[in-house]
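Accompanying notes for the structure given below.
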Amino acid sequence: MLLLPTMIQKTTLPGAKEVDTTRKWHYFDATEQVLGRLASKIAILLIGKHKRTYTPTMDGGDFVVVTNVAKVKVTGNKEEDKFYFRHSGYAAGAKTIPYKRQMEKDPTKILELAVKRMLDSNKLRHGRMKRLKMFVGEQDQYGTKADKKASTK
């Protein structure tokens, strides 16, 4: 009878301190980027699925800074057909806002809703959304332009 040494497999999770110190900053320029494709890339970075230490129950994602949000584009006929719906909770409190009017009013809201709806609806979503920084035009608040490397491919 052949005896093999027992292999012990151990799963180690990163600690909270390690997660906070390993967060990186990613910079996106939304000029001529398709809304849904950009939002899915951002969601993956916010969740932390690109990391080796990814765990669904821990918030190990990175920071994401998006500039030129007003220049994002949508495919097809969505500029005329897409609507954003919200409800106040009162009777007859439903409101629909067309895509074009929302772009004129607040373009960051469009990308924010797209990313938010790609994240899981759980206790971690609020913290992940706080790490998303969006700007209508250029910005210098989160690092200098020399520090920024285009994360988009």
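Just so you know, all these numbers are worked out from the coordinates, no wet-lab data involved. These figures come from a predicted structure and were not determined experimentally. Note that each Cβ is placed from the backbone with ideal geometry, even for glycine, and that neighbours are counted across all protein chains shown.
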Add +1 for every Lys or Arg and -1 for every Asp or Glu among the other residues with Cβ under 12 Å from the Cβ of I44, and state the total. +4
Using the Cα gyration tensor of region 48-93, with a ≥ b ≥ c the square roots of its eigenvalues, what is the shape: rounded (a/c below 1.5), prolate (a/b larger than b/c) or oblate (neither)? oblate
Testing the spin-label approximation: label points 7 Å from Cα along Cα→Cβ at Q102 and Q139. State their distance in nm. 2.0 nm
Size of the chain along its principal axes in angstrom, Cα-based, largest extent first? 75, 48, 30
Do the sum for the chain: with -39,500 (n - 2.57) for every DSSP H run of n ≥ 4, divided by all residues, what is the mean residue ellipticity at 222 nm, to the nearest 500 deg cm²/dmol? -8000 deg cm²/dmol
Percent antiparallel among DSSP beta bridges with both residues in the chain, to the nearest 5? 35 percent
Kindly express, to the nearest 10 degrees and within the range 0 to 90, the angle between helix 35-47's C-alpha long axis and the longest C-alpha principal axis of the chain. 40 degrees
Rounded to the nearest 10, the angle in degrees between the Cα long axis of helix 107-116 and the longest principal axis of the Cα atoms of the chain comes to 30 degrees
What FRET efficiency comes out for the pair Y90/H126, r = Cβ-Cβ distance, R0 = 22 Å, nearest 0.05? 0.30
